[in-house]
Every structure is written in structure tokens, then in C-alpha cells.
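Participant: There's a structure below that I have some questions on.
The values are calculated or read from the model by the stated rules, or taken from the named source; none is laboratory data. All of these numbers come straight from a predicted model, not from anything done at the bench. Because the Cβ atoms are built from the backbone with ideal geometry, glycine has one as well, and the counts that use them run over all protein chains shown.
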Amino acid sequence: MKKENYFNKNNKDKKILEWKKILSNYYSSKKNIKFKKDNAAILIIDMQDYFLDSSSHAYLPASETITEPIKKLQDAFHSRNKAVFFTKYGLTKGLDDNIMHKWWNGSLYIDNPLAKISGIFDTNEATVISKTTYDVFIGTNFLHLLTKLGYTQLVITGVATHLCCETTARSAFCYDKNVFLPIDCLATYTEELHLNSLKAAAHGFAVPTTSKEILEMIDDE
């Protein structure tokens, strides 16, 4: 599948407005789910060089545009002593029977230099969770950490919108978490996949929002 640079510095404001209008037909404000900063953590999914480095075959062009708003959200959560989680995807050698390896006819191994989280991000004060599939809840202690720390809301950002981000958002909803998806902080292969994923989420399991709206809600509380 050819990857599109559908979200870039030249069209980002226009696209955000377009997407918000479209998604308003799927997310009902009657749900009245309010963002509560004291109960919210941020999850930054798979912002690794494998997806962000233009020399990688898995590079997602739209990822370049989401790094800045994600960093702003990370800084806002960190400055308020709220949890910041990163995920790091990768398989270990010997797991060639892993379904991810089979599905993609090869996958990212954790010892690949491109598996590291992009140097654009500072993870020193964050919790990094390693995973081997789309869903960060599978085979990790992520749910335990959220429960232990008392977080009932989750802001999900990163790549890819229709794979790891959507899968994790569905799972979080099923674990009774209110999920918020900043539409300018998610990226994938094409605008069609990105928007279709957000439509499904807005209809069934997550609140579509923007990084600006999250920052304003953090400041207003």
C-alpha cells in the first residue's frame, strides 16, 4: 500500500477542521464524557524510528506532523505530575511464529536500531512499555499500572491510527477507561484509513478531540 503525506504543515489546520466536522456526525455530545485531568494519563504509541525515519520502509510521512503536538501534550502532562507512557513495539528473535511476523511477512525485531523511540522525544521521566502486538494491554503490566495509579481516562496518541492506536483504544474502553483521541496526534498510511478508524472510534469507544482542546481543558481545570 502506498503511503500518503495526507497530513502536513501546509494543510494541518484545514484537515483538523475537516475531520472535526466529519466526526461530529459520529460522536454524540449527548454522551457528555468530560475530560478530568486528575484522572487522565497520556499514552504515546510506537513513535519509533521504524515509523518516523524516512529511510525506513515502514516510514509514515504523516508522522512528522504529529510529533510537535504530541510533545506539547507530553510536556503538559509531565509538568502536572501526570503519568506519561510510551510503547515500544518489537519482536525477539525466535518468535517467527508470532502472528505479527506471519501477517506482515516479517516484522520489527527489538534489536533493530530502528526499534528505538525517536530521539525527538525525551523518555527519561516516562514509563516505557515493550509490546509484541497491536494492543499494549496484551502481555504487559499496563492495566495494572493504570489501576494502581488511579487513572480512569486515557489520552492516546501515536502510530498507526488504525492498528495499534485503535486496537488499544478499544481495549481501554473495554477496561472501563474513558478514551480521548486527539486527531492531530495520530497518523497512519492514508487519510482514508486514518479517518475511517476515527469514525469507528467516535461512534463506539472514544472521544475525538485535538491537542489544543486537551491543553485548554488541562489549563481550565
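Participant: Would you mind stating whether LYS88 is at pLDDT 95 or above, under 14 Å from PRO182 (Cα atoms) and surrounded by 15 or more Cβ atoms within 10 Å (Cβ to Cβ)?
Facilitator: no
Participant: While we're looking at this one, here's another question. Which condition number does LYS177 fail, the rest of (1) crowded, with 21+ Cβ neighbours inside 10 Å; (2) within 22 Å of ILE16 (Cβ to Cβ) being met?
Facilitator: Looking at each condition in turn, LYS177 falls short on (2).
Participant: Of the conditions (1) surrounded by fewer than 16 Cβ atoms within 10 Å (Cβ to Cβ); (2) over 20 Å from GLU4 (Cβ atoms), HIS57 satisfies every one except a single condition; which number is it?
Facilitator: It is condition (2) that HIS57 fails.
Participant: Of the residues that sit in the range 60-85 and are of a type outside the set (D, E, K, R) and surrounded by fewer than 20 Cβ atoms within 10 Å (Cβ to Cβ), which one is farthest from HIS144 (Cα to Cα)?
Facilitator: PRO61
Participant: How many residues does the range 44-82 hold that are in contact (Cβ under 8 Å) with a residue 12 or more places away in the chain and hydroxyl-bearing (Ser, Thr, Tyr)? Step through it out loud before you land on a result.
Facilitator: First, pick out the residues of the range 44-82 that are in contact (Cβ under 8 Å) with a residue 12 or more places away in the chain: 44-53, 56, 58-67, 69-74, 76-78, 80, 82.
With the extra rule that they be hydroxyl-bearing (Ser, Thr, Tyr), the set shrinks to 50, 56, 59, 63, 65, 67.
Of the residues in that region, 6 qualify.
Participant: Give the range 9-20 a look and list any residue that's surrounded by 13 or more Cβ atoms within 10 Å (Cβ to Cβ) and part of a loop (DSSP other than H, G, I, E, B), or say none.
Facilitator: Within the range 9-20, the first condition is being surrounded by 13 or more Cβ atoms within 10 Å (Cβ to Cβ), and the residues that meet it are 11-12, 15-16, 18-20.
Hit for the range 9-20 is ASN11, nothing else.
Participant: For the range 111-221, which helices (runs of 4 or more DSSP H) that fit wholly inside it have 3 or more residues that are in contact (Cβ under 8 Å) with a residue 60 or more places away in the chain and more than 13 Å from ILE44 (Cβ to Cβ)?
Facilitator: The qualifying helices (runs of 4 or more DSSP H) are 142-149, 191-204, 211-220.
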